[in-house]
Amino acid sequence: MKSLKLQKKVKGLSGVIEIPGDKSISHRSVMFGSIAYGETRVTNFLPGDDCLSTISCFRKLGVTIDESENGLRIVGKGFEGLKEPHEVLDVGNSGTTIRLLLGILAGRPFFSSLIGDSSIGKRPMTRVTVPLSEMGAQIDGRENGAYTPIAIRGGGLTPLHYQLPVASAQVKSAILLAGLQADGETTVVEPAETRDHTERMIRKFGGLIQKDQLIIKVKGGQKLKAASIHVPGDISSAAFFLVAGAIVPDSEIILKNVGLNPTRTGIIDVMKSMGAAMEIIQHDDCSFEPTGDIVINTSSLQGTVIEGDLIPKLIDEIPIIALLATQAEGKTVIKDAEELKVKETNRIDTVVNELKTLGANIEATDDGMIIYGKSNLRGGTVSSHGDHRIGMMLAIASLLCDGEVLLENPEAISVSYPNFFSHLNNLIQ
Ligand code: S3P
């Protein structure tokens, strides 16, 4: 395990960043390209480790996927074109890969086995294996199907009417992907709105899906047709530079081509409510996912409360929002966010412990955290704990630190943002 000496206390950040492709949409572009009929082309695909795991799994399922400078070319032959894999499907660190893939495999009449890294081995799978088993898939795994390794033999699915017990786009998507293969109409009811990239992809690939607020219905037996996908920049990656621009003195950063899907823009709402000096230039295109450019300047920030239905719209941004809150006046409370405990790490623990090491006044609660601002951050030895978003949050924190910051396990960052440090270094004045 490597460690990296981070840049401490900088004078300002300025410049323009082209935000890399969205991770959630990149995964789905490979999956939908593989289950549709025809040649799908994908541009601005995110070549992060997680999305590369998705490509590798679909190649093992017999799909031709070519990678070139111009993007991806995926030759789909429908769900029926997927073949029984000879090898174990390794999802690496990627929760989206394993949960959505299980939804696809639930309808396939063959045997597959799935593993991932040690973090995946701790993440709950019953949230997908229970509803997919109810639809008729045979699934087993460690601790009665709760954890990897998981084995699945699919086929012969019946439709399901399912009330999601947690607000999770991965679970919703797994059921919809299985529903596309079931004999009848499947309904998913969400407790709160989560990212809707799967629903948009189904439409983009020529499928029909109905959405009435929190109720989503999809019919089985639809044939999806290949599409051309341009993946927008990932707002979850942009988030690190949005916060950096707001908290580092004398900064102005322009973030280009950021995905602005309203199910993902919770961070923008929160930053604006805290007083961030931010301008959004919405693109006037007919893309299937809205995009825009964002200009962020150093800001004077106030604490806030983040809770309820807003949580799924910014769940991946909570680590960097916690850092933002250390630089706001007053108290910030994050609640209703128990889901943080089952991410790549327990993000309540990793955020609170690592920020405390750097001198933040922050405490964990059962369903979130409380941050008291404004704190002077000092140096120290911190770790990503193998979690990309914790690693990037700490790299941004170091820009304010008085002392040296040593980051253990920085390689984890390549899961979602392989060129993060080169983008950051280009901004430093
Ligand atoms: C994702 C959904 C979210 C998010 C993850 C990506 C997706 O997970 O945290 O990074 O692509 O559907 P949950 O569905 O577990 O909330």
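The values are calculated or read from the model by the stated rules, or taken from the named source; none is laboratory data. The structure displayed is predicted, hence computed values, not measured ones. Quick reminder, even Gly has a Cβ in these numbers, built from the backbone with ideal geometry, and neighbours come from all protein chains shown.
State whether one or more residues within the range 204-218 are modelled with pLDDT of 95 or more, crowded, with 19+ Cβ neighbours inside 10 Å and closer than 21 Å to Pro47 by Cα.
no
For the range 312-363, which positions are more than 16 Å from the ligand (Cβ to nearest atom) and under 17 Å from Ala192 (Cβ atoms)?
Within the range 312-363, Lys335 is the sole residue that qualifies.
As an exercise: evaluate His283 against (1) crowded, with 17+ Cβ neighbours inside 10 Å; (2) touching a Pro at 6+ places or on another chain (Cβ under 9 Å); (3) more than 21 Å from Leu355 (Cβ to Cβ) and give the number of the one condition it does not meet.
All conditions pass for His283, except number (1).
Results for (1) surrounded by 15 or more Cβ atoms within 10 Å (Cβ to Cβ); (2) of a type in the set (Val, Ile, Thr); (3) out of contact with any His (no Cβ under 8 Å at 6 or more places or on another chain); (4) within 17 Å of Asp90 (Cα to Cα), shown as yes or no for each residue.
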residue	(1), (2), (3), (4)
Ile120	yes, yes, yes, yes
Gly136	yes, no, yes, no
Pro149	no, no, yes, yes
Thr158	no, yes, yes, no
His161	no, no, yes, no
Leu164	yes, no, yes, no
Ala169	yes, no, no, no
Ala178	yes, no, yes, no
Glu185	no, no, yes, no
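In the range 109-149, how many are over 22 Å from the mean Cα position of the chain (by Cα), among the hydrophobic types (A, V, I, L, M, F, W, C) and farther than 23 Å from Tyr162 by Cβ?
The qualifying residues number 2.
Which of the numbered conditions does Leu260 fail, given that it passes all the others? Conditions: (1) touching a residue at least 60 places away in the same chain (Cβ under 8 Å); (2) under 23 Å from the mean Cα position of the chain (by Cα).
Single failed check for Leu260: (1).
Condition check ((1) outside the structural domain of Arg203 (by TED's automatic domain parsing); (2) closer than 21 Å to Lys23 by Cβ; (3) buried (at least 16 other Cβ atoms within 10 Å of the Cβ)) across all residues:
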residue: Ala244; (1), (2), (3): yes, yes, yes
residue: Ile247; (1), (2), (3): yes, no, yes
residue: Ile253; (1), (2), (3): yes, yes, yes
residue: Met271; (1), (2), (3): yes, yes, yes
residue: Ser300; (1), (2), (3): yes, no, no
residue: Pro319; (1), (2), (3): yes, yes, yes
residue: Ala322; (1), (2), (3): yes, yes, yes
